[in-house]
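This report refers to the structure that appears directly beneath it.
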Amino acid sequence: NHGYGDYENWESMTSYYSDFREKTMLSYFTRVGYNYKQRYLVEGTLRRDGSSTFGEDHRWATFPSVAVGWAFSEEPFMRWASWLDWGKLRASYGTSGQIFTDEYLAHGLMSVDSDAFMENNGMIPNTMISPDLTWEKSEQYDIGLDLDMFDYRLKMKLDYYYKYTKSILWQTTLPGTVYFHTTMWDNAFEVSNQGIELETQFDILRDTEVKWRARFNISRNWNVLEKTYT
């Protein structure tokens, strides 16, 4: 009703616009950990995730991970190292997945085009339907060393990691024009990332009224394009 007061002016709705979007994420998660004598540690995690952003045959994925640690400073044969307060070796392997930020990327959207197919008020694809799009999946390995020394005055962490990511999303070129589109989204390539990081912390003044703590870190990273699907 576009009228007012006693003067009604009813008009049929010929157009509608809404920015309403919706997506659903469902996850199952379980974790098991074990600690033996504060020396040997192991933890396993299993995730099962489902997202509505993918096509019906690719909505679910499973992501396991495992981590182990060895507190070697607690071993009897390390008692000679009085300068070492805490030392631990750790390693882990895990997988993870990335969903789409666009809720309907795999499903395709239509839009109104007055010149579509040489007729008025035609519908054309706004985004190409891509039901085979899958999760961007990553596998990562980590190896680390933690050291606390000299009455916890000097602390050091050294880490090496390697990450491999598959099915990364990218717009690929079509062999021809499809409904005025020359590209479509696809799981197009794989990349690897690896690096090493060192972090130290030193309490220069700790038992005085003035506290002084110094930190230092350095890292190096390598990125490589491993494979393309096109």
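The values are calculated or read from the model by the stated rules, or taken from the named source; none is laboratory data. Quick caveat, the model's predicted, so the values are computed rather than measured. For neighbour counting, all protein chains shown are included, and Cβ atoms are generated from backbone atoms with ideal geometry for every residue, glycine included. These area figures cover heavy atoms from the full protein model, side chains too; ligands, DNA and RNA do not enter into them. Shrake-Rupley method; radii C 1.70, N 1.55, O 1.52, S 1.80 Å.
Scan the stretch 203-212 and give yes if some residue there is within 23 Å of the chain's Cα centre (by Cα), over 26 Å from PHE72 (Cβ atoms) and modelled with pLDDT under 95, otherwise no. Scanning the stretch 203-212 turns up no residue that is within 23 Å of the chain's Cα centre (by Cα), over 26 Å from PHE72 (Cβ atoms) and modelled with pLDDT under 95. Is it the case that the stretch 8-23 has a residue that's in contact with a strand residue (DSSP E or B) (Cβ under 6 Å, 6 or more places away or on another chain), farther than 22 Å from TRP185 by Cα and either open to solvent by 90 Å² or more (accessible area, probe 1.4 Å) or basic (Lys, Arg) (or both)? No, that holds for no residue.
Only a single criterion out of (1) surrounded by 10 or more Cβ atoms within 10 Å (Cβ to Cβ); (2) at pLDDT 85 or above is not satisfied by GLY3, namely (2). When the stretch 47-76 is filtered for residues that are out of contact with any Gly (no Cβ under 6 Å at 6 or more places or on another chain) and either open to solvent by 80 Å² or more (accessible area, probe 1.4 Å) or in a helix (DSSP H, G or I) (or both), the ones remaining, listed by number, are ARG47, ARG48, GLU56, ASP57, HIS58, TRP70, GLU74, PRO76.
Counting only residues that are surrounded by fewer than 14 Cβ atoms within 10 Å (Cβ to Cβ), give me the strands (runs of 3 or more DSSP E) lying completely in the stretch 135-212 with at least 3 of them.
It comes to 154-178, 181-205.
Every residue, every condition in (1) in contact with a Leu (Cβ under 8 Å, 6 or more places away or on another chain); (2) aliphatic (A, V, I, L, M); (3) over 30 Å from GLY108 (Cα atoms), yes or no:
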| site | (1), (2), (3) |
| --- | --- |
| MET156 | yes, yes, yes |
| GLY176 | no, no, no |
| ARG206 | no, no, yes |
| ASN223 | no, no, yes |
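Residues checked against (1) among the hydrophobic types (A, V, I, L, M, F, W, C); (2) touching a helix residue (DSSP H, G or I) at 6+ places or on another chain (Cβ under 8 Å):
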site: ILE124; (1), (2): yes, yes
site: LEU154; (1), (2): yes, no
site: GLN171; (1), (2): no, no
site: ALA188; (1), (2): yes, no
site: GLN201; (1), (2): no, no
site: THR208; (1), (2): no, no
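State yes or no: is SER96 surrounded by 16 or more Cβ atoms within 10 Å (Cβ to Cβ), among the hydroxyl-bearing types (Ser, Thr, Tyr) and under 21 Å from TYR34 (Cβ atoms)? No.
Scanning the stretch 25-46 for residues that are surrounded by fewer than 13 Cβ atoms within 10 Å (Cβ to Cβ) and at pLDDT 90 or above yields MET25, LEU26, SER27, TYR28, PHE29, THR30, ARG31, VAL32, GLY33, TYR34, ASN35, TYR36. Taking the criterion of being open to solvent by less than 20 Å² (accessible area, probe 1.4 Å) and without any contact (Cβ under 8 Å) to a residue 24 or more places away in the chain, the only residue of the stretch 122-134 that qualifies is GLY122. Of all residues in the stretch 77-93, those that are surrounded by fewer than 16 Cβ atoms within 10 Å (Cβ to Cβ) and not aliphatic (A, V, I, L, M) total 7.
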